[in-house]
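Since the structure comes first, as structure tokens, the remarks are kept for the end.
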Amino acid sequence: QVQLVDPGGGLVQPGGSVRLSCAASGSIFSINAMGWYRQSPGKQRELVAVITNGGRRNYADSVKGRFTISRDNAKNTVYLQMDSLKPEDKAVYYCAAGQYYSSTYRFGDYWGQGTQVTVSS
């Protein structure tokens, strides 16, 4: 089992920034990718950004150029730097851990508890 702890989030003004973090523990040998999803009321959970152990990154089109995912392998921690936030970025953000192989990301087994990000003036 992999445990994910993802504190952070909060209320941010439009155009502002916030950084989320997620620390993994447990059977981390079973994962080689981590990422962030988000879910707004009435919408499906969507992929925001992912990163592999080797540093390969992918972003949703809606956040490219504004969000940056990074990781500290020594700390088994992944970060999501969110800049130029927009009201439509408001959502619950979930950390996820999974695998990347055969050019495909596979998430779904391990999730953080989620953290609310609200973008409002």
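Only one residue in GLN39, GLN81, GLN3 is under 15 Å from the mean Cα position of the chain (by Cα) and more than 18 Å from VAL119 (Cβ to Cβ). Which one? Result: GLN3 is the single residue among GLN39, GLN81, GLN3 that is under 15 Å from the mean Cα position of the chain (by Cα) and more than 18 Å from VAL119 (Cβ to Cβ).
Among residues that are small (Gly, Ala, Ser), out of contact with any Pro (no Cβ under 6 Å at 6 or more places or on another chain) and open to solvent by less than 20 Å² (accessible area, probe 1.4 Å), ALA49 is included.
Anything in region 71-120 that is touching a residue at least 40 places away in the same chain (Cβ under 8 Å) and part of a loop (DSSP other than H, G, I, E, B)? List them, or say none. Answer for region 71-120, where residues must be touching a residue at least 40 places away in the same chain (Cβ under 8 Å) and part of a loop (DSSP other than H, G, I, E, B): LYS75, ASN76, ASP83, SER84, LEU85, LYS86, LYS90, GLY112, GLN113, GLY114, SER120.
When you scan region 52-62, do you find a residue that is under 12 Å from VAL92 (Cα atoms) and open to solvent by less than 30 Å² (accessible area, probe 1.4 Å), even just one? No, region 52-62 contains no residue that is under 12 Å from VAL92 (Cα atoms) and open to solvent by less than 30 Å² (accessible area, probe 1.4 Å).
Residue by residue, here is whether (1) farther than 17 Å from LYS90 by Cβ; (2) of a type in the set (Lys, Arg); (3) part of a loop (DSSP other than H, G, I, E, B); (4) free of Cβ contacts under 8 Å to residues at least 12 places away in the same chain holds:
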| site | (1), (2), (3), (4) |
| --- | --- |
| LEU4 | yes, no, no, no |
| PRO7 | yes, no, yes, no |
| SER21 | yes, no, no, no |
| TYR37 | no, no, no, no |
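Number of residues in region 10-37 that are under 22 Å from GLY108 (Cβ atoms), touching a strand residue (DSSP E or B) at 6+ places or on another chain (Cβ under 7 Å) and of a type outside the set (S, T, N, Q) equals 12. Checked against (1) modelled with pLDDT of 95 or more; (2) open to solvent by 50 Å² or more (accessible area, probe 1.4 Å), CYS95 passes all but condition (2).
Criterion applied to SER102, SER120, SER84, SER25 was being open to solvent by 50 Å² or more (accessible area, probe 1.4 Å) and touching a helix residue (DSSP H, G or I) at 6+ places or on another chain (Cβ under 8 Å), and the one residue passing it is SER120.
The values are calculated or read from the model by the stated rules, or taken from the named source; none is laboratory data. What you are looking at is a predicted structure, and each value in this text was computed from that prediction instead of being measured. Quick reminder, even Gly has a Cβ in these numbers, built from the backbone with ideal geometry, and neighbours come from all protein chains shown. For the accessible areas, the whole protein counts, side chains as well, though only heavy atoms, and no ligand, DNA or RNA atoms are used. Shrake-Rupley method; radii C 1.70, N 1.55, O 1.52, S 1.80 Å.
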